[in-house]
Amino acid sequence: METALPHDLSLTALFLAADPVVKAVMVILVLVSVACWTIMFEKLVRLGRVARQVRRLEAAARADAAIGTGLADSMSGRILAAGIAEWRDQSDVRESRAERRDRIERAMRATMAAELRRVEPGLPFLATVGSSAPFVGLFGTVWGIMNSFSSIAARNDTSLAVVAPGIAEALFATALGLVAAIPAVVAYNKLATRITRLAQRLNAAIAELGNRMAKTPARAARTAKEAAE
C-alpha cells in the first residue's frame, strides 16, 4: 500500500502522514502515558497521607498518651481500634501474655494490610505499561517500516528523500513506547518501594503497641478511652 510520505519531519506531520495502524498505536501510547502520569500523581498524594498516618501511629507507640482526637475514621485510628478490640477480649483466662500479644498484633496487621491494599490499585497498570509499551511501539515501528519498503518498491526509488520520512514515522512509534514505559517503570519501582517501607514502619509500631497492650493493660485502657473521645 502506497502512502504519501511527508517532507516535513515535524512530529505533527509524521503523525498525520502515518499509516492508520501506526496512528492507532501512537494514540494508544499517548493515552496510556497520560493515564500513567495521572496514577503517579494520585499515588504520591495518597502515600503522603499514609505517611502522616504512619507517623501518628509511631508517635502513639512511643508515648504513653493516645494518638489524639479525631482519628476514629483514619487509618491509624482503625489499626489501633482493631488492637483495642482484641485487647478487650479476655474470654480465654488461660491465655499467656505472649499469646495475647500475638492475637492483638495479628488483628492490627490484618487491618494494616487491608488499608495498604487500598493504596495499591493502579500499580499493576504501571507495571504492565512498563513491560509492554516498548513492544507496542515496536509493533508500530515494524508496521511503518513494512509500509516504507512497500512505498520504495512502488516508486522504484531508494533515495533518502523517499526512505527517510517513512522510517521517521516508524521510529516515532518506538519513541512514544519508550516515553510511556520509562516513567511507568520508574514510578512503579519508586511507589512499590515506598509502600514496602511504610509497611515496615507500621509493623514496627504495631509490635510496640502490641507489647504495651499485652504488658500494661491499665495504660492500654487509658489509651482506648482517650482515642474513643
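The values are calculated or read from the model by the stated rules, or taken from the named source; none is laboratory data. Predicted model only: the values in this text are computed from it and were never measured. A quick note on method: Cβ atoms are made from the backbone with ideal geometry, for glycine too, and the neighbour counts reach across all protein chains shown.
Under 23 Å from residue 144 (Cβ atoms), in a helix (DSSP H, G or I) and at pLDDT 90 or above: does that describe residue 178? Give the steps one after another, and end with the answer.
On the way: under 23 Å from residue 144 (Cβ atoms): yes; in a helix (DSSP H, G or I): yes; at pLDDT 90 or above: yes.
Criteria met by residue 178.
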Subset of region 60-79 [touching a Leu at 6+ places or on another chain (Cβ under 7 Å) and either part of a helix (DSSP H, G or I) or at pLDDT 80 or above (or both)]:
60, 61, 76, 77, 79
Is region 43-59 home to any residue that is at pLDDT below 85, in a helix (DSSP H, G or I) and surrounded by fewer than 16 Cβ atoms within 10 Å (Cβ to Cβ)?
yes
Say whether the condition of being closer than 21 Å to residue 51 by Cα, of a type in the set (Gly, Ala, Ser) and in a helix (DSSP H, G or I) is met by at least one residue in region 112-119.
yes
Hits in region 92-121 (condition: surrounded by 10 or more Cβ atoms within 10 Å (Cβ to Cβ), of a type in the set (Val, Ile, Thr) and over 28 Å from residue 40 (Cβ atoms)):
104
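In this structure, does residue 185 turn out to be modelled with pLDDT under 75 and in a helix (DSSP H, G or I)? Give the derivation first.
Details: modelled with pLDDT under 75: no; in a helix (DSSP H, G or I): yes.
Spelling it out, it is not the case that residue 185 is modelled with pLDDT under 75 and in a helix (DSSP H, G or I).
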Criterion violated by residue 16 - all others in (1) over 30 Å from residue 183 (Cα atoms); (2) of a type in the set (A, V, I, L, M, F, W, C); (3) modelled with pLDDT under 80 satisfied:
(1)
